[in-house]
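What follows is a short report on a single structure.
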Amino acid sequence: MTETLTLRKTALNAVHRAAKAKMVDFGGWDMPVEYSGLIAEHMAVRTGVGVFDVSHMGDIQLRGPRSLAAVQQLCMNDASKLAVGQAHYSAMLYPNGTFVDDVVVHKLSDNDYLIVINAGTREKDVQWVRSQIGHMPGVHVNDFSDYYTQLAIQGPRAAETLQKLTSTDLSGIKNYWFTWGQVCGLYNVMIARTGYTGEDGFEIYVPSDTSTSARVWHEVMAAGAEFGIVPCGLGARNTLRLEAGMALYGHEISDTINVLEAGLGRYAKLDKPSFVGREALLGIQAAGGPKRKLIGLEMIDRGIARDGYPVAALDGTRIGEVTSGSPAPFLKKNIAMAYVPVEHAVVDTELAVEIRGQLVKARVTALPFYKKPKKSAQV
Amino acid sequence: MSYPAGYRYTKEHEWIEVDGTTGTVGITDYAQDSLGDIVFVELPKVGDVLEAGKIFGSVESVKAVSDLFVPVSGTVTAVNEELVGAPEKINTAANTTWIMKVELSDAKQVDGLLTAAEYEAFVSEETGH
C-alpha cells in the first residue's frame, strides 16, 4: 500500500498493528479505528476502563512574560482565571467568530501555557498562532506536538488503573486539573484529569520515543487487566464523545460555524477586553442571537442518522443537516447532532431525518445525551 | 477470513450459494470485518422481484452503512427474520448467516460471478495485502 508511506504514524503504530487493530487514514494519520470491536471498546470505557493513543493531538506551548496576554488574545475563554495546574476548554476563533479549532489550555506556570489542539488542524493552528501573536515581544511559541506520546486512560476504573503506575495521589487531581509525577518510572510526566469520552479519566504525556511509548502502553494494559481494560480506537472515541454531546472539529464546529450557533457561548468570555472573534460574537448577540443552533436528536422510528443527512420538518421541508450521527452503544438509541433554525431547536419537537430518501421521525433532545453517574467516592 | 469454495461472489462483497434455481445470499467475511459491529439489516420483502446489480437492502454497523447488491436476478422467497433482532450474527458467522433466498430467473448469470479464489484475489488487491 503506497499511501501508508505518506501517512503519519504515532510512536505506538507498531504496537497497534501487533494488536491487530484495524487502521484507517484519519486526517493524514495512520490510526487504529478499532481493536476488539467498537461496541466492546465503548462499553469498557463506560463501565470499566479503556486506553487510547491520542498522540496525534498537537501541543503548542507559549512561554514568556507575555504568554498570558497571548493566550487571552488567541483563545475565547478567560485564562486569567486559571491557577497553575489547571486547564479549561476554550477555542481559537477567526475574526468572524467561527472556529480555527477548539482547544484545551493548561497553565503550566505563570509564564508558560500548553494549548492542546486537534490532529487534523495542527499545521493550520500553529500557523494561526504564529500569525496572531508571533510578533508579540515576550512570548515564545513552540510546537511540541511530536515531543509527547499522549495516552488517554478513560472510564470509571481509570483512576485505579493509573494509580498502580504512579506514586502521585490521583485523588488529589480534580477534573480539569493536572500535575507532574512519576509514571512507570518516568519523572515529571504530566498527568491531567481530562478526556473526550464523558467519563472520568486521565491523559498522560510521556516522551515520544517508540520504546518508552510502547513500555508505558503495555504497563497501562497490565495495570488495567484486572478491570478488563481494552485498547480503544477512534471509532469508540467518536461514539463516546457523541453520547457525551461533545463537539468534533469538522462536524459540530468549523470555520463556517460560529461559537453561539455551536452552543459554546458559555466558554466565550465576552467581558474580556479583547480576543480574536469577540466583536463578531457581540454583533451576533446584539442582532438577536444566532439564526441556527446545534441540537441533539434521538431517532423515534427505526433508522440511523449519519453525518451529512438532511434534517427536515415533519412536512418534509429541509431545515438543516446532521453533523454527527450514530447508534449510541451505551444508551442503545440512535442519536445525532444537527444544525437547525432556532425556531425548531426546541426540546421535544418532532423532526425528521432524511435517511436515503425516506423521512424518519426524530425528537429534539437536550445535550448531552449521556452524563456520567455521580460517584460517591473517587480514588 | 474464509470464503467457501462452493459459493460465488460479487465485487460488492455478497456471496451466493446456488442449489438448482434457488440462491441463498449473504455478505462475505471481509465485508463484515470491514463494517465492524453490525447493528441493523434492512431486509427485502418476500415476493420482491430483484434485478442483478440493483440494491436490495442495506447493512449498518455502528460506524457505517453499506448497500446490499443483488448478485443474480430473481424473486425473493425468504428473508432471514432472525437478523431483525440479532444482526450481529453476521459478525460471528458471515458465511452461514444468510440474508435472503431467491428463486433465480436466469441461473446462467451465476457464471458471471467471481469464484472464491477470484474473490480472494480481488480483496487482496483492493486492500493491498
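The values are calculated or read from the model by the stated rules, or taken from the named source; none is laboratory data. Just so you know, these numbers come straight off a predicted model, no measurement behind them. Backbone-built Cβ (ideal geometry, glycine too); neighbour counts: all protein chains shown.
Assorted remarks:
- Residues of segment B:39-65 classified as under 25 Å from B:Glu103 (Cβ atoms) and within 14 Å of the chain's Cα centre (by Cα), total: 13
- Filtering segment B:75-103 to residues that are touching a residue at least 40 places away in the same chain (Cβ under 8 Å) and farther than 20 Å from B:Thr28 by Cα leaves B:Thr77, B:Glu103.
- So B:Val25, is it away from chain A (no Cβ under 14 Å), touching a residue at least 12 places away in the same chain (Cβ under 8 Å), crowded, with 22+ Cβ neighbours inside 10 Å and not in a strand (DSSP E or B): no
- Segment B:58-82: number of residues that are buried (at least 21 other Cβ atoms within 10 Å of the Cβ), modelled with pLDDT of 95 or more and within 14 Å of chain A (Cβ to nearest Cβ): 5
- When A:Ala70, A:Ala79 are screened for being surrounded by 23 or more Cβ atoms within 10 Å (Cβ to Cβ), of a type in the set (Gly, Ala, Ser) and under 19 Å from the mean Cα position of the chain (by Cα), only A:Ala79 passes.
- Test: residue in segment A:31-42 that is among the hydroxyl-bearing types (Ser, Thr, Tyr), within 14 Å of chain B (Cβ to nearest Cβ) and surrounded by fewer than 19 Cβ atoms within 10 Å (Cβ to Cβ): yes
- Segment A:191-207, residues that are out of contact with any helix residue (DSSP H, G or I) (no Cβ under 6 Å at 6 or more places or on another chain) and polar (S, T, N, Q): A:Thr194
- Counted residues, segment B:30-57 - those being acidic (Asp, Glu) and within 14 Å of chain A (Cβ to nearest Cβ): 3
- The set of residues in segment B:83-98 being charged (D, E, K, R) and away from chain A (no Cβ under 11 Å) consists of B:Lys89 alone.
- Some residue of segment A:281-288 being crowded, with 22+ Cβ neighbours inside 10 Å and not assigned by TED's automatic domain parsing to the domain that holds A:Arg17: no
- A:Ile191, sole failed condition from (1) surrounded by 20 or more Cβ atoms within 10 Å (Cβ to Cβ); (2) in contact (Cβ under 8 Å) with a residue 40 or more places away in the chain: (2)
- Checked against the criteria, A:Leu151 counts as within 21 Å of the chain's Cα centre (by Cα), in the same structural domain as A:Arg46 (by TED's automatic domain parsing) and outside any helix (DSSP H, G or I).
- In segment A:335-356, residue farthest from A:Glu252 (Cα to Cα) [restricted to those that are β-branched (Val, Ile, Thr) and within 14 Å of another protein chain (Cβ to nearest Cβ)]: A:Ile355
- Within segment A:129-144, tally of residues that are part of a helix (DSSP H, G or I) and in contact (Cβ under 8 Å) with a residue 12 or more places away in the chain: 3
- If you go through segment A:282-334 and keep only what is part of a loop (DSSP other than H, G, I, E, B) and either closer than 18 Å to A:Ile253 by Cβ or β-branched (Val, Ile, Thr) (or both), you end up with A:Gly289, A:Pro290, A:Lys291, A:Ile300, A:Ile304, A:Asp307, A:Gly308, A:Thr317.
Residues checked against (1) touching a Phe, Trp or Tyr at 6+ places or on another chain (Cβ under 7 Å); (2) of a type in the set (D, E, K, R):
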{"site": "A:Ala225", "(1), (2)": "no, no"}
{"site": "A:Leu248", "(1), (2)": "no, no"}
{"site": "A:Ile257", "(1), (2)": "yes, no"}
{"site": "A:Lys269", "(1), (2)": "no, yes"}
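- A:Met299 vs. criteria assigned by TED's automatic domain parsing to the domain that holds A:Ala44 and over 23 Å from A:Val116 (Cβ atoms): no
- Screening segment A:299-328 for residues that are away from chain B (no Cβ under 14 Å) and among the acidic types (Asp, Glu) and picking the one that is farthest from A:Arg356 (Cα to Cα) gives A:Asp315.
- Qualifying residue in segment B:1-20 (condition: surrounded by 14 or more Cβ atoms within 10 Å (Cβ to Cβ), of a type outside the set (A, V, I, L, M, F, W, C), farther than 30 Å from A:Ala21 by Cβ and at pLDDT 95 or above): yes
- Segment A:161-183: number of residues that are surrounded by fewer than 18 Cβ atoms within 10 Å (Cβ to Cβ) and not in a strand (DSSP E or B): 10
- Enumeration of residues in segment A:123-144 that are at pLDDT below 95 and of a type in the set (Gly, Ala, Ser): A:Gly134
- Residues that are outside any helix (DSSP H, G or I) and among the small types (Gly, Ala, Ser), drawn from segment A:197-235: A:Gly198, A:Gly201, A:Ser208, A:Gly228, A:Gly233
- Residue that is within 14 Å of chain B (Cβ to nearest Cβ), more than 24 Å from B:Ala86 (Cα to Cα) and in contact with a strand residue (DSSP E or B) (Cβ under 9 Å, 6 or more places away or on another chain), where the choices are A:Leu240, A:Leu331, A:Leu234, A:Leu294: A:Leu234
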